Every structure is written in C-alpha cells, then in structure tokens.
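Bear in mind that the values in this text are calculations on the coordinates, not laboratory data. Here the structure is a predicted model, which is why all the values come from computation and not from measurement. Using ideal geometry, Cβ is built from the backbone for each residue, glycine included, and neighbour counts are taken over all protein chains shown.
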Amino acid sequence: MSRENVDDYLPLTETTYYTLLALTEPLHGYAVMQRCTELSEGMVRVGAGTLYNALAKLQKEALIVKVQQDDRRKYYSLTEKGRLVLERQVARLEVMARSARRVGAGPTTSLIGKIAGEG
C-alpha cells in the first residue's frame, strides 16, 4: 500500500525520520537503534518493538529494502523513494528552523523570555 506522492508521507515522526536518516547506509536493526540515538544526540531512543514495527511499515511502503540477511540479522537500506522522502523532510525542517531564527526563537535565544516580555 505505498503512496504515490512523496509529500503524502510528510511530516515524518521523529522515529521514522531518524530511522530513514540512519539507513542512508545499510544497517541491521540494533545498529539502527544505536545510530538513531547518536544522530539525535541522545534525544531520541528507539526501542526494539518500535523499531521493528517501523521497519516493517517502511518496507511495506517501499521506503526501505532488506539488502542482506545473516543468521539473525537483517540489513536494510533506503530506496530511492525513501531518499526522496527524507530529502523533503529535511527541507521542511530547514524551513522550520529558519522561521524560528527569524522570530528570535533560535537555540541561543529564549523564546519564553521574549513571550513574557523579558527580552
């Protein structure tokens, strides 16, 4: 049941985003969990059940493909469609970050202080 238009997949959940980002290189499930934590700087930790459900869904949607299987490890990688979805999500995130900086809500400013009239 894959969708035709890449934009139909957006916005991605954090789990899906970091899973696709991790799979820009072929990885097995446990390595995907570790890579998600690393890429998110510890902000996103994907549990095994969540990850394996996400991998099944992404494979069904043709965003990833199993590229190899050793004993118990299955290795996955992005498909071209998955890469396009990831690129579109990154573009969305860039717009969001630019918008936040434009209104002074970047990581070096205090939006809460600004809203409260302190800045």
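Sorted fewest first by neighbouring Cβ atoms within 10 angstrom, Thr19, Thr79, Thr13 come out as Thr13, Thr79, Thr19. Distance between the 7 Å Cα→Cβ label points at Tyr30 and Ala62: 3.3 nm.
Measuring r between the beta carbons of Thr37 and Asn5 and using R0 = 22 Å, the FRET efficiency lands at 0.10.
Annotation note: GluC sites (Glu not before Pro) in region 4-40 located in DSSP loop regions with a Cβ neighbour count of at most 14 within 10 Å are Glu4. Under a 5 Å amide H cut-off, with hydrogens placed 1.01 Å from N, Val44 pairs with nothing among residues at least 5 apart or on other chains. In this structure, the amide hydrogen of Lys74, modeled 1.01 Å from its nitrogen in the peptide plane, lies closer than 5 angstrom to those of Gly29, counting only residues at least 5 positions away or on a different chain.
Note on region 6-115: lysine pairs with Cα distance below 24 Å, sequence gap of 8 or more or different chains, count 7. Using just its DSSP H runs of length 4 or more, each adding -39500 (n - 2.57), the chain gives a mean residue ellipticity at 222 nm of -16000 deg cm²/dmol after division by all residues. Computed about the Cα centre, the dipole magnitude for the chain is approximately 80 debye when only Lys and Arg (+1) and Asp and Glu (-1) carry charge, each at its Cβ.
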